[in-house]
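K.L.:
Please see the structure below; I have some questions.
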Amino acid sequence: MIEEYIKPLKIGELTAKLPLIQGGMGVGVSLSSLAGAVAAEGGIGVLSTAQIGFYRPDFEKNPLAANLKAIAEQVKLAREKSRGGIIGANIMVATKNYKDYVCAAVKAGVDLIISGAGLPANLPEYVKGSVVKIAPIVSSEKAAKTICKLWDRHYRRVPDMVIVEGPLAGGHLGFSEDQLEPFIRKNPLAAAKQMSVYDSEICKIIEVASGYGEKYGMEIPVVVAGGIDTPEKAEHYLSLGASGIQIATPFVATEECDAHRAFKEAYVRAKDEDVVILKSPVGMPGRGLKNAFLERVHRGEKREIHCRQCLQHCNPAAIPYCITEALIRAVRGDVENGLIFCGANVGKIEKISTVHTVIENIFG
Ligand SMILES: Cc1cc2nc3c(=O)[nH]c(=O)nc-3n(C[C@H](O)[C@H](O)[C@H](O)COP(=O)(O)O)c2cc1C
């Protein structure tokens, strides 16, 4: 039963009442309203800093400055809503000026920084002198070992927590197209087999974290993400030895989520067959909802790109579309002409509810 696994999530001296993290969702899907509401319920609320300043009037003229100001604004608002709960920031390693974003989040007073879409090799250096906790997102034992070894060697420290993101997650995915094949082909037997292989990967990552934790005389909690939307699935990962779960897709269809209502309604309408694995201009696969926009991309249609310098390894001349533009269009409600990221289980969402209900449906 899930009840026996509901223990507080401890990250050093930070303690969340529930073993729950709300996954960061860019662009603009997890801002202060959603993050504050999750933190107030006893989970950890996470803002995504990806083009977080898109709502500001100065964004088009100077996106970096607008984004850095928006980090301060959104952290303050989330804190006001959080009733003393824990607020984190999700900052993608692939972000151009990554260090500036990390420093802005530290200055704004977040409790922790979660970083994926690449390995956050220099993150310890950027948070040095602060009490902010740091957590890399990994999808393999190899990546977990690499980051622990790197930080141990260069910074004499280890992650405060490790997030393991599996193949059912939304947004960018840390897997090759080969590994995602059963999910692309929607072959349930092959997908189930892949998920059980993934369970053993999770156990190996827990061993890596516990080994490095022992070396530093601390516990490094491992939190699992991707496709967790029932008490049974939560219990499964917690029984494997995970200290918590990270959930994103179910939180989109809530009143508190920061996305436009049309974005939430697209989640409610979505059926399993609408979910596709796409090639993102970032060079990674991603999961999203089929719509007119993706059909145009599939046909090879291109639009003129107005570059906002968001990603390190993006070449505007070589990409089929601008991911910033596509994500902003969707979060503003233009769900046919924008890119709607989602997790594999979006088809199970039946209505727009509240953060409290989503949490209650999992933890009782
Ligand atoms: C709309 C959407 C946007 C996302 N954006 C990001 C992001 O900007 N950075 C990131 O690290 N993960 C991102 N993710 C992944 C989530 O944080 C989370 O780990 C994952 O989706 C969990 O799986 P679930 O959605 O099945 O619960 C996104 C997910 C969704 C659904």
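The values are calculated or read from the model by the stated rules, or taken from the named source; none is laboratory data. Treat the numbers as computed from the prediction; the structure is a model and nothing was measured. All Cβ positions, even for glycine, are placed from backbone atoms using ideal geometry, and neighbour counts span all protein chains on display.
K.L.:
Of (1) buried (at least 19 other Cβ atoms within 10 Å of the Cβ); (2) closer than 30 Å to residue 327 by Cα, residue 205 satisfies all except one. Which?
P.N.:
Of (1) buried (at least 19 other Cβ atoms within 10 Å of the Cβ); (2) closer than 30 Å to residue 327 by Cα, only one is false for residue 205: (2).
K.L.:
Considering only residues that are under 21 Å from residue 286 (Cα atoms) and among the β-branched types (Val, Ile, Thr), look in the stretch 130-149 and name the one that is nearest to the ligand (Cβ to nearest atom).
P.N.:
Only one residue tops the list, namely 137.
K.L.:
Moving on. Give all pairs with beta carbons closer than 6 Å in which a residue from the stretch 116-135 that is at pLDDT below 95 meets a residue that is in a loop (DSSP other than H, G, I, E, B) and acidic (Asp, Glu); count only pairs at least 6 apart in sequence or on separate chains.
P.N.:
none
K.L.:
Here's something else I'd like to know. Mind checking whether some residue in the stretch 54-74 is within 15 Å of the ligand (Cβ to nearest atom), out of contact with any Asp or Glu (no Cβ under 6 Å at 6 or more places or on another chain) and in a loop (DSSP other than H, G, I, E, B)?
P.N.:
yes
K.L.:
Further question on the same structure: Considering each residue of the stretch 220-237, count those that are more than 15 Å from the ligand (Cβ to nearest atom) and either part of a strand (DSSP E or B) or touching a strand residue (DSSP E or B) at 6+ places or on another chain (Cβ under 7 Å) (or both), and give that number.
P.N.:
Within the stretch 220-237, residues that are more than 15 Å from the ligand (Cβ to nearest atom) and either part of a strand (DSSP E or B) or touching a strand residue (DSSP E or B) at 6+ places or on another chain (Cβ under 7 Å) (or both) number 2.
K.L.:
Among 259, 242, 270, which is the only one that is surrounded by 16 or more Cβ atoms within 10 Å (Cβ to Cβ), within 11 Å of the ligand (Cβ to nearest atom) and at pLDDT 95 or above? Spell out how you get there, then give the answer.
P.N.:
Numbers: 242 fails: within 11 Å of the ligand (Cβ to nearest atom); 270 fails: within 11 Å of the ligand (Cβ to nearest atom).
Of the residues listed, the single one that is surrounded by 16 or more Cβ atoms within 10 Å (Cβ to Cβ), within 11 Å of the ligand (Cβ to nearest atom) and at pLDDT 95 or above is 259.
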